[in-house]
Amino acid sequence: MIYFHLEIKMENQISMGDQNTQQIVQNDVSQPINIQEKPKVNYLMISGVILSCLIVFGLGGYYLGKQSSNKNLVSRANLTQIVSPTPITTADPTTNWKTYNNKNLGFELKYPPSVQIDKELNDQYNRATIFKGGSVHFEVMLRKTGDITLDKYYFMDSPIVRKTTLDNIPANIYELPNGYCDGPSCSEPYIAFVAKYGSDLYHLSFFGDAKMSDEENQILSTFKFLDKPSPTSTTTIPSITIKYSPKTNWQTYTDEIAKFSFQYNTNPTQPYNLHQSLGKNEAGKNVMIMGCNTPPNGQEVCLEQYTVTIYSNYNGGSRRDWMSKNINDYPNCQRYYTDVSVVGKNAMLATSDCSSWGETYVLVPNGSQMVVFLTKGYSRNDTTGKITLQAWINEVLSTFKFNQ
């Protein structure tokens, strides 16, 4: 429309120009001619029109593009809602492990296929299961709590390092990076988890290092407490009773400081002239009895047969705890215990098979004293679990008495 208006205006101007020309021809030649200039095109107006068109088209394009973008976003949002990520499942490393369940001791756990059950104990003094295999060595051991509270419990003279839970029950952690040392040697390093369940303290101990491996942590995570049966279902080994029975023809050794005496057999028996003799001794400390014999066509040979050692640091508590702290000849060896009544005294027998011949201890308490008999020989039948004393040890102990 704008272009049409400009065209008409220019045609009018051209028409008027023709009329003027005709008038000039009719006038006198000498008369000066007036020539009018053509009007200039208004480019500023044309530029404004073009700019307005560009703005209109630009706004329209932006609006259409925005609408298309919103549709794409809605489509993507719908796609996100429809397609959900697949959950990643982590395999349980203990799935193919063995399960150990001990109803008498009241616990259950899983252990790797490379680990074996080394020993199971459940008598008056031993309530434990020991596991060994590969790089893993651990045990679960129970002990009566008595008047001990968990917060004040020192395990093998070690204080609490930190606290945790065992099957959601409060527990203490004890670390012994150098093992338990009491005497010339130390046990392996270990870390122990102790929790109170019912009337027992449960000790879950991992040996070989005071830091837990991934495999050991997995074993720990599978530990569960069970409802234990009544105490009547627990099997116990009957105690051994030794009555006082002095011998008329044996020699008597008397310790005037420790206030006790016992007899030893000096009468030779054939065919090898077997008899006993008094060895090194110091009143109030120790005495050694030698076993002697005379081989055919040979000289008499005497070897240590048994010793009696006197300790003066017994406080009337657990004899087993006292022994673990004071007699540590084989720290990594399993000991077996049973009660022994020695001439009316409530004594304890401990035996192990760690040395070449094994060893047997008889601990006889008396006030603050602990009198310890030690002889070579293993006193337990591993098939039946029964503990018995050799006849000659029984005879010696039948002559023992305190003189006060």
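Among the listed pairs Lys224/Lys325; Lys119/Lys224; Lys110/Lys196; Lys259/Lys386, a Cα-Cα separation exceeding 26 Å is found for Lys224/Lys325; Lys259/Lys386. The Thr145 and Ser239 beta-carbon pair, evaluated with R₀ = 30 Å, returns a calculated FRET efficiency of approximately 0.85.
Find out how many positive minus negative residues lie around Asp353, taking Lys and Arg as positive, Asp and Glu as negative, among other residues whose Cβ is under 15 Å from that of Asp353. Result for the local shell: +1. Evaluating 6.51 cos²θ - 1.76 cosθ + 1.60 at θ = phi - 60° for every residue in region 199-207, the Karplus couplings come out as 9, 10, 9, 9, 10, 10, 10, 10, 9 Hz, glycine and proline recorded as x.
Net charge within 11 Å of Lys132 by Cβ-Cβ distance, Lys/Arg positive one each and Asp/Glu negative one each, not counting Lys132 itself?
For residues surrounding Lys132, the net value is -1.
For Ser368 and Lys211, a Förster radius of 56 Å and the Cβ-Cβ distance give a FRET efficiency of 0.90, rounded to the nearest 0.05.
Taking the Cβ of Ala210 as the center, what net charge do the other residues with Cβ under 14 Å away carry, scoring Lys and Arg +1 and Asp and Glu -1? Spelling it out: positives minus negatives among the neighbours equals -2.
Each reported figure results from applying straightforward, stated rules to the coordinates on display, with no laboratory input. The structure presented is a predicted model; accordingly, all values stated were derived computationally and were not measured. No Cβ is skipped: glycine too gets one built from the backbone with ideal geometry, and neighbour counts run over all protein chains shown.
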